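Data first, discussion second: the structure below is written as structure tokens.
Derivation of every value follows stated rules applied to the coordinates shown; laboratory data play no part. What you see is a predicted model, and the numbers here were worked out from it, not measured in a lab. Cβ atoms come from the backbone with ideal geometry, glycine included; neighbour counts cover every protein chain shown.
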Ligand SMILES: [Zn+2]
Ligand SMILES: [Zn+2]
């Protein structure tokens, strides 16, 4: 079989972040086999390269699932049930080409098993999407986080406020310096006939900007908290009800009844550090550990999306003829129940779980819509799902079932101007029809005359 992936450049395993490699296939070309020598006794033989799968367990792992030819992209999965899996940290210099998961590749039993395990752990997986936490993670085990113990809340607030003040003073100074150097350049141009004068002015400006010595060197907020507070490790950070967070203690907490493996209340504080947002993790042993219940309702739209059938045909080459049923049939309890089942089984986009657990006014807006792959042009109907809360809304990202790249929704008004995905000639669109779902039979769709 042949990979239908976008061809991208190879990079070393160690140059990827864990979240760039989770649930990805890796093409390991033949010339890389020498880097796998330590494992050659365990690995099944291959005349070409290996097709591997990288995924996050406790640490990032690479499982060898089959063979692949890096030139032709022809691949084959191994038949055997015993899959060899090694830690990614054992082969940091291995050059790999990353391939996104498609429907066809995801049918592999080992990949299915990993997807299921991650879905079973959806709440803890959801916080792995918070990039601001990356500097707090154990680089070998991203689920393990460095936290501070809250003993004196006032002390923490004081440090964070001081840090914020320092940051804004620093930014202001930088802006002034930038403005001054701009001005100096302008002056330079204007006064190029008088070099002496110009030097004088330059010196003056620089001196003024660097006056406040307390700003440099920059002080790191986490270093400072480290000096003032006790550090500890937690794992499996998850969102919890009432906008809170919780995690699991790695070790017994001295001076408290809390033991290793107990859930604890966690506060996340987001601060700016060198132009980047970082999240600081605080364990508050006194605070209540909130539940992780999810309650969602169906969003009451003021106007439902058009319920229409679009029939498209390639009249030029007769290589394409499809009818797409888009929109939704009233409350559509069938589709809503499917979404609820997906939530329960951890099958939604991980980032969506955070809002679903933390907010109590969450509703789901959904309909069937047409999507087009940005890479291979494949057309497919997917349910469009939007999480709506009072202050925000968030859409699920959509991926092409054929090649795994991102898909974009085709607006209804643009459907008539689509080109054939096979031969790229303009498609012919028949007059739109209204459809309705049959009450008796499951998933059957009827057309109105
Ligand atoms: Zn595609
Ligand atoms: Zn065509």
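Calculate the translational D of segment 1-46 in whole µm² s⁻¹ from Stokes-Einstein, where the hydrodynamic radius comes from the Kirkwood formula applied to all Cα pairs, the temperature is 4 °C and the viscosity 1.567 mPa s.
In µm²/s, the coefficient is 101.
Where the centre of each part is set by its Cα atoms, how far does segment 328-385 sit from segment 270-311, in angstrom?
Result: 14 Å between the Cα centres.
Could you put 376, 400 in order, starting from the residue whose Cβ has the fewest other Cβ atoms within 10 Å?
Exposure proxy ranking, most exposed first: 376, 400.
With every atom except the alpha carbons ignored, what do you get for Rg and Dmax of segment 220-290, in angstroms?
Rg and Dmax of segment 220-290, Cα atoms, are 12.9, 40 Å.
Cut-off 10 angstrom, C-alpha nodes, Gaussian network model of the chain. Which of 26, 95, 170 fluctuates the most?
Ranking 26, 95, 170 by mean-square fluctuation puts 170 first.
Between helix 333-344 and the chain, what is the angle of the helix's C-alpha long axis to the longest principal axis, kept within 0 to 90° and rounded to the nearest 10?
Between helix and principal axis, roughly 40 degrees.
Hey, could you get me the Stokes-Einstein D for segment 11-101, Kirkwood radius over alpha-carbon pairs, 10 °C and 1.306 mPa s, rounded to whole µm² s⁻¹?
Diffusion coefficient, whole number: 123 µm²/s.
Relative to the longest principal axis of the chain, what angle (0 to 90°, nearest 10) does the C-alpha long axis of helix 195-209 take?
It is inclined by approximately 80 degrees.
Rounded to whole Å and sorted largest first, what semi-axes of the equivalent ellipsoid does the C-alpha gyration tensor of segment 297-448 yield via the square root of 5 times each eigenvalue?
Each semi-axis is the square root of five times an eigenvalue, giving 29, 19, 13 Å.
Over the Cα atoms of segment 59-197, what radius of gyration and what Dmax do you get, in Å?
Rg, Dmax (Cα atoms, Å): 26.9, 81.
For all pairs of alpha-carbon atoms in the chain, what percent lies in each bin of width 10 Å, listed from the first bin to the last filled one?
Pair shares across the bins are 4, 15, 20, 21, 19, 13, 6, 2, 0, 0.
Which parts of segment 352-390 would a label at residue 423 reach, counting a residue when its backbone N lies under 20 Å from a point 7 Å out along Cα-to-Cβ?
From segment 352-390, the list is 377-379.
Report, for the chain, the % of DSSP beta bridges that are antiparallel, rounded to 5.
Of all bridge pairs located within the chain, approximately 95 percent are antiparallel.
Go ahead and set up a Gaussian network model of the chain, Cα springs under 10 Å, then flag whichever of 272, 71, 311 fluctuates most.
71
Considering only C-alpha atoms, what is the centroid distance from segment 71-126 to segment 1-67, in Å?
8
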